[in-house]
1. So what's the projected area for the chain, the Cα convex hull averaged over all directions, in nm²?
2. Find how many whole Å separate the alpha carbon centroid of the stretch 1-71 from the alpha carbon centroid of the stretch 106-168.
3. Please pull out the direction-averaged projected area of the stretch 1-78, using the convex hull of its alpha-carbon atoms, in nm² to one decimal place.
4. Using a Förster distance of 22 Å, how high is the FRET efficiency between Leu77 and Arg167, based on the Cβ-Cβ distance and rounded to 0.05?
5. Calculate what fraction, in whole %, of the accessible area of the stretch 98-142 sits on carbon and sulfur atoms when a 1.4 Å probe is rolled over the protein chains.
6. Could you check the simple spin-label distance between Tyr101 and Ile135, using points 7 Å along Cα→Cβ, in nm with one decimal?
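The values are calculated or read from the model by the stated rules, or taken from the named source; none is laboratory data. Being a predicted model, the structure only gives us computed values, none of them experimental. When we count neighbours, we look across all protein chains shown, and the Cβ atoms used for this are built from the backbone with ideal geometry, even at glycine. Protein only, heavy atoms only, side chains kept; ligands, DNA and RNA dropped before computing areas. Shrake-Rupley method; radii C 1.70, N 1.55, O 1.52, S 1.80 Å.
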Amino acid sequence: MARPLKLLILLVIALGLIGALAFGVLLLVSGGHPVDYVQTALIRLSLQSRQAALDQPLGSDTTPTRFVVNSGDPPRLIANNLLSAGLIADADLFVDYVRAYDIDVELEAGTYFLKHAQTIREIAAALTDSSHSQIVFSIIEGWRKEEVAEAINANPLFTFTGDDFLRV
């Protein structure tokens, strides 16, 4: 009876040491955040089965759509706004993707011109650099201000009208 008890105690001690060692390695690998590390690993694993959805644009329209990310917008709100704008089909997939690849901390506030022909990966990458958010607009030398106003009205990316331009 004493021998099986000793074996059981040794087994419990060995399992405890292995568990402590495994937890120590997990703590070291995770940079002190084992729960986040495991969650991210599980999200990456689930994304493996959704690669086609990540690489499938919602449409083929290459007309730019104005999209604004406000300062402090969390990834969930950005994803819901992208969904409302018809730029992505799955807000959860966007959130999982940006979290799994640490893009969520790189998303920048700004005004972007996104296309329905972009994939979730491309949209996520675009939202990390607001410096490219510019409208190319040329005024031909010799145009009257009314002609400039017409050109402004013809460009749907502006947030003001030709009449607003003329008033200023």
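1. Details: hull surface 59.2 nm².
If you wrap the Cα atoms of the chain in a convex hull and average its projections, you get 14.8 nm².
2. One Cα centre to the other: 41 Å.
3. Working: hull surface 39.3 nm².
Average projection, Cα convex hull of the stretch 1-78: 9.8 nm².
4. Values: r = 34 Å, r/R0 = 1.53.
The formula returns an efficiency of 0.05 here.
5. Values: 1220 of 2550 Å².
So the carbon and sulfur contribution to the accessible surface is 48 percent.
6. Computed distance between label sites Tyr101 and Ile135 equals 3.0 nm.
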